[in-house]
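Structure first, commentary second.
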Amino acid sequence: MEFSARQIAQMFNGTIEGNPDVVISKLAKIDEASDGAISFLANPLYTNFIYSTHASIILVNQDFIPIQPVNGTLIRVENAYSAFAHLLELFSSTINISRQISSHACISGSARIGKNNYIGEFVSIGDNVITGNNVLIYPNCTIGADSVIDDNSILYPGVKVYRDTRIGKNCTIHSGVVIGSDGFGFAPQADNIFKKIIQVGNVVIEDEVEIGSNTTIDRATLGSTIIRKGVKLDNLIQVAHNVEIGENTVIAAQTGIAGSTKIGRNCMIAGQVGIVGHLVIGDNVKIGAQSGIEHSIKDGEMYLGTPALEGGKARRLYVHWRNFDQIIKKIYELEKLFKQIKS
Amino acid sequence: MEFSARQIAQMFNGTIEGNPDVVISKLAKIDEASDGAISFLANPLYTNFIYSTHASIILVNQDFIPIQPVNGTLIRVENAYSAFAHLLELFSSTINISRQISSHACISGSARIGKNNYIGEFVSIGDNVITGNNVLIYPNCTIGADSVIDDNSILYPGVKVYRDTRIGKNCTIHSGVVIGSDGFGFAPQADNIFKKIIQVGNVVIEDEVEIGSNTTIDRATLGSTIIRKGVKLDNLIQVAHNVEIGENTVIAAQTGIAGSTKIGRNCMIAGQVGIVGHLVIGDNVKIGAQSGIEHSIKDGEMYLGTPALEGGKARRLYVHWRNFDQIIKKIYELEKLFKQIKS
Amino acid sequence: MEFSARQIAQMFNGTIEGNPDVVISKLAKIDEASDGAISFLANPLYTNFIYSTHASIILVNQDFIPIQPVNGTLIRVENAYSAFAHLLELFSSTINISRQISSHACISGSARIGKNNYIGEFVSIGDNVITGNNVLIYPNCTIGADSVIDDNSILYPGVKVYRDTRIGKNCTIHSGVVIGSDGFGFAPQADNIFKKIIQVGNVVIEDEVEIGSNTTIDRATLGSTIIRKGVKLDNLIQVAHNVEIGENTVIAAQTGIAGSTKIGRNCMIAGQVGIVGHLVIGDNVKIGAQSGIEHSIKDGEMYLGTPALEGGKARRLYVHWRNFDQIIKKIYELEKLFKQIKS
């Protein structure tokens, strides 16, 4: 597949600076690109590479101002990252999965499998499971009874879905994900023993959700643990029972959300965050990496630190933290001076 | 299944406030309950819902004092949460697992399988494995050679048990759990290379233990990593080689315990805690979420923060932390005033 | 297998203090050893046990100075831990895996399997996969198309390898590890929706790498996520897309490394550390447990805390932290005294 700068500029309604006839046949990172490749610049951390890259074409945002000459042809577009993502799709060799049901899968007689499914080897599908059309279930997955997996969803190898789970359309579930395991609910007894609370709820995953490898989502005690439309979860995340995550919220790796907490829409939660149970996190909330959230958060706020504080305040406190040596020194100086006055 | 308030009060030795003849046929959360449902109030965070719930009956603790009228019938019991847990068990549709051994499981000829086992599809059971009676092993589990799984234990789909593991009676092991992988032991060599220390120990899990999804428990270098009776581990927990966790200790998600640390009985360890290796944590210890434990802890203490301090002290320091802006301001004021005096 | 103290001293070029003819037939931890066992002392935390141990022989480092009499025979060696590790290997009953390909494995007709492989039950091996000689693939693993697994590498049960992954020689991959899942890359759209960036790169794992249970390593967006020779990763670690980890670097459990960060050689990174994306961590860097790394780090530095600071400074600040009560008290005293002066 080959495209000229002119063709690419047309695709993305971009403007060309340099040779419009230069042709690319591959995609590459700006710091690894060679002749004949197209690359992009979106992250300011990589700006320096644009002056040394061997890429033939570089997609940049409209507002990019070079401070040195650039060798390749620039194409200015509204969103260089998005444009490059489109090219990636265009170039990615479509993985040819034969849409077949392996003779080494075990599918319950009461399950209803949609059209054009791929069901890999050693997949176990329980009673009354329903799959939509174009569903891909890779090898070694287990789908518990009464679960539903809707159209175009993909389960990579070794996904474990407990009974009565709902997975929407166009979802991508990566390897090792566990959906629907029991919530961590135990009632303490007089003799220090913990008695298990039966978890009779389920997990509902709406459309367009992506879930990263080895993430775990527990079923609700009663009702449902709910992952709303468009949510993106990274790897090794813990979602406890009865949690609800609002539409298009994005959560980075190793974050944990304790039971019954509700998270709003369009939130951005960084990695290794811990959120206590029974909270309400509003819409459009941002939470910094490794934060510990103990209290509910209102719409649009930014929180940071452990225990988490409003972002501006947290950043000021971290400045004091870094200056703590000087602060202590100043106190001792004051004390000393003070003693001199007194004496 | 239907019960009147009178019948339920009898079950739990409770007292009725309201209509003793009202009948319920389902269970629900207090904030989602509709007519004909029974709910409960145990967590003070949910107290407000008792005045608006549509539940026909609400289980409350003896000491609950309403500050507004409640529509439903109250039943006061000793432990509302425990009582509700009993009702959950009563109502939970018993999942009918056919107690059969799948023809798609591979079981070594030298394994001894107990009575009334369920062994799902694509389960691999190694040489000399012994299972007790009423053991459930869901699809895609692998049980290594010489392991023992005792009566009534459940392994959900995709559990991986390495060779020579002991699992007691009435244990519940959730999907993706790994038991018995090698401890992380390497001896540094002169050339910066790390040489693997062979891990010849094993993992012993006593009775009544529950282990959450994708938790990992490493085998001992020598001897055993031991999880004592009644321990409850949440999801994505790391238990390193030669760790021992005492009876009825409860640990929340994503906590990590480094090698050779011993944890006592009846401890409550919150989520995302890190505990350094070779420590001794006493009995009845409580550790707050995200804490970093560097030192051994005595019986009955409460620790918090990173690095963790005794809980009362830690809380005072966090008050100072939140006031750090004011503290700095005060220092500058003192300095300024002091300069005025001097001049 | 039996050895006398004399034989063991010879093996490790050690010197004997005590009876050279005493014989051992087993290995044990110093605090659990009984008569006829050999143990070792390397960690100073265990020094006290040497005076009470029942071990017949104890390996110690050259510089060990007993402060009480020791019952057993001491053998002084250059590195007691390494010597003991050698004995462990000698004594560990070689696990007899029959080097066969299970008739319950599914291997693509286009895959090329090396000599003397063990391929367990319910292993799925995709098109064009190549395995070297003496490769062990335990049950329930899935190997995606076009992947390569080189000589002597071991994949424990339930490892999931996505397509086009490279695994070098002598690697050990523990259960539940996921290699090659999609990087967490999404381009925000105007309507708050996140559009997936196709991840067309792969994962390259060089020789002598060990990867702990349930660790996840994402494929690169473009190019490769690279784990260099001799790297040791513990359990439940997150390695994001386009990360590179340098030779012989060791990382403890539950650490997470965000996208495109490069880590140097011979680093030691403790558990539950979080490292932000797009950083450069130098060679020989040490990072303390639970640290949050926001900035690049130069060769040979030691960092600690969240946000992480140079280790010496971080430790001083934690001393201030512990003294915060006293510091506040002093400020109030100064203020009070100041007011007295003024009045």
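Summarise the partner chain shielding of B:190-202 as one whole number: the mean count of Cβ atoms from other chains within 10 Å of each residue's Cβ. Mind showing how you got there, number by number?
Details: counts 2, 2, 8, 6, 9, 6, 8, 7, 9, 2, 6, 1, 0.
Taking the mean over all residues of the peptide, I get 5.
Can you tell me the Rg and the Dmax, both Å, for the Cα atoms in segment A:94-150?
For segment A:94-150, the Cα radius of gyration and maximum Cα-Cα distance read 10.3, 33 Å.
Inside 10 Å of the C-beta atoms of C:118-125, what's the mean count of C-beta atoms belonging to other chains?
Details: counts 0, 0, 4, 11, 15, 5, 10, 2.
Mean partner shielding for this stretch: 6.
Mind putting a number on the dipole of segment B:3-92 about its Cα centre? Charges go on the C-beta only, +1 for Lys and Arg and -1 for Asp and Glu, and I need it in Debye to the nearest 20.
Working: 4 positive and 8 negative charges, 13 e Å.
Charge dipole of segment B:3-92: 60 debye, to the nearest 20.
Just to confirm the numbers: B:SER110, label point 7 angstrom along the Cα-Cβ line, distances to the other copies in nm, shortest first?
For B:SER110, the other copies' label points sit at 4.0, 4.0 nm, shortest first.
Could you give me the ³J(HN,Hα) list for segment B:49-60, computed from phi with Karplus coefficients 6.51, -1.76, 1.60 and θ = phi - 60°, whole Hz, x at Gly and Pro?
With coefficients 6.51, -1.76 and 1.60, one gets 5, 5, 8, 10, 5, 9, 4, 6, 10, 10, 7, 10 Hz.
To the nearest 500 deg cm²/dmol, what mean residue ellipticity at 222 nm is calculated for the protein assembly as shown from DSSP H runs of n ≥ 4 alone, each contributing -39,500 (n - 2.57), summed and divided by the residues? All intermediate terms of the calculation are to be shown ahead of the outcome.
Working: 12 runs with 150 residues, N = 1029.
That calculation yields -4500 deg cm²/dmol at 222 nm.
Taking H as built 1.01 Å from N, whose amide H comes closer than 5 Å to the amide H of A:HIS54, not counting residues under 5 places away?
So A:HIS54 has HN proximity to A:ALA33.
What helices does chain B have that are whole DSSP H segments, at least 18 Å long along their own axis by Cα, and with mean Kyte-Doolittle hydropathy of -1.0 or more?
Working: long enough: B:324-342 (27 Å, -0.37).
TM-like helix candidates: B:324-342.
For segment A:18-30, in order, what is each residue's ³J(HN,Hα) by Karplus, 6.51 cos²θ - 1.76 cosθ + 1.60 with θ = phi - 60°, in whole Hz (x at glycine and Pro)?
Working through the residues one at a time gives x, 6, x, 9, 4, 10, 10, 10, 7, 10, 7, 5, 4 Hz.
How far is B:PRO188 from itself in the other copies, in nm, if each label sits 7 Å out from Cα along the Cα-Cβ line, shortest first?
Listed shortest first, these distances are 4.3, 4.3 nm.
How would C:PHE3, A:PHE324 rank on accessible area, largest to smallest, probe 1.4 Å? Could you put the intermediate results ahead of the total?
On the way: C:PHE3 35, A:PHE324 0 Å².
My answer, sorted largest first, is C:PHE3, A:PHE324.
Put C:PHE84, C:PHE194 in order of accessible area, largest first, 1.4 Å probe: what do you get?
Numbers: C:PHE84 5, C:PHE194 35 Å².
The residues order as C:PHE194, C:PHE84, largest area first.
What is the Cα centroid distance between segment B:4-66 and segment A:105-163, reported in whole angstrom?
Measuring centre to centre over Cα atoms gives 39 Å.
Taking R0 as 60 Å, what's the FRET efficiency between B:ARG99 and A:SER25 from their Cβ-Cβ distance, rounded to 0.05?
Working: r = 60 Å, r/R0 = 1.00.
That gives a FRET efficiency of 0.50.
Regarding the protein assembly as shown, what's the average projected area of the Cα-atom convex hull, expressed in nm²?
Details: hull surface 194.1 nm².
Quarter of the Cα hull surface area: 48.5 nm².
Is the shape of segment B:3-92 rounded, prolate or oblate, going by the alpha carbon gyration tensor and its root eigenvalues a ≥ b ≥ c, with a/c under 1.5 for rounded and a/b larger than b/c for prolate? Walk me through the numbers before you get to the answer.
Values: a/c = 1.25, a/b = 1.20, b/c = 1.04.
Because its axes are fairly even, with a/c under 1.5, segment B:3-92 counts as rounded.
Would you mind checking the pairs B:LYS313/C:LYS329; A:LYS232/B:LYS26; B:LYS262/C:LYS26 and listing those with alpha carbons more than 22 angstrom apart?
Values: B:LYS313/C:LYS329 14 Å; A:LYS232/B:LYS26 34 Å; B:LYS262/C:LYS26 24 Å.
In this structure, A:LYS232/B:LYS26; B:LYS262/C:LYS26 exceed 22 Å between Cα atoms.
So the label point sits 7 Å from Cα along the Cα-to-Cβ vector; using that for B:GLU310, what distances do you get to the other copies, in nanometres, sorted shortest first?
3.5, 3.5
Order B:MET268, B:MET1, most accessible first, counting only protein heavy atoms with a 1.4 angstrom probe.
Details: B:MET268 85, B:MET1 125 Å².
Result of the area sort, largest leading: B:MET1, B:MET268.
Mind jotting down a quarter of the surface of the convex hull over the alpha carbons of chain B, in square nanometres, one decimal? Mind dumping the intermediate values first?
Working: hull surface 110.9 nm².
Computing the convex hull of the Cα atoms and averaging its projections yields 27.7 nm².
Rounded to the nearest 10 Å², what accessible area does A:SER4 have for a 1.4 Å probe in the complete protein model?
20 Å²
Averaged over peptide A:219-225, how many Cβ atoms belonging to another chain are found within 10 Å of each residue's Cβ?
Working: counts 0, 1, 5, 12, 4, 1, 0.
Whole-number average of other-chain Cβ neighbours for A:219-225 is 3.
Would you kindly calculate the translational diffusion coefficient of segment C:231-336, applying Stokes-Einstein with the Kirkwood radius from alpha carbon pairs, for 4 °C and a viscosity of 1.567 mPa s, and quote it in µm² s⁻¹ without decimals?
On the way: Rh = 14.5 Å.
Approximately 89 µm²/s, per Stokes-Einstein.
Quick one: which residues, 5+ away or cross-chain, put their amide H under 5 Å from the amide H of B:ASN134? H built at 1.01 Å from N.
The list, which skips near neighbours in sequence, is B:LYS115, B:ASN116, B:ASN117, B:ASN152.
What share of all Cα pairs of segment C:56-152, in percent, falls into each consecutive 10 Å distance bin?
P(r) over segment C:56-152, rounded to whole percents: 15, 31, 13, 14, 16, 9, 1.
Which of the listed residues, B:THR172, B:GLY144, B:GLY256, is farthest toward the dipole's positive end in chain B, when Lys, Arg count +1 and Asp, Glu count -1 at the beta-carbon?
Positive-end residue among those listed: B:GLY256.
Which three semi-axes in whole Å describe the equivalent ellipsoid of segment A:123-246, each the square root of 5 times a Cα gyration tensor eigenvalue, listed largest first? Spell out each step's value before the answer.
On the way: eigenvalues 131, 44, 34 Å².
Equivalent ellipsoid semi-axes, largest first: 26, 15, 13 Å.
The values are calculated or read from the model by the stated rules, or taken from the named source; none is laboratory data. For clarity, every value in this text was computed on a predicted model and none was experimentally measured. With ideal geometry, Cβ positions are generated from the backbone for all residues, glycine too; neighbour counts draw on all protein chains shown. For accessibility, only protein heavy atoms count, side chains too; no ligands or nucleic acids. Shrake-Rupley method; radii C 1.70, N 1.55, O 1.52, S 1.80 Å.
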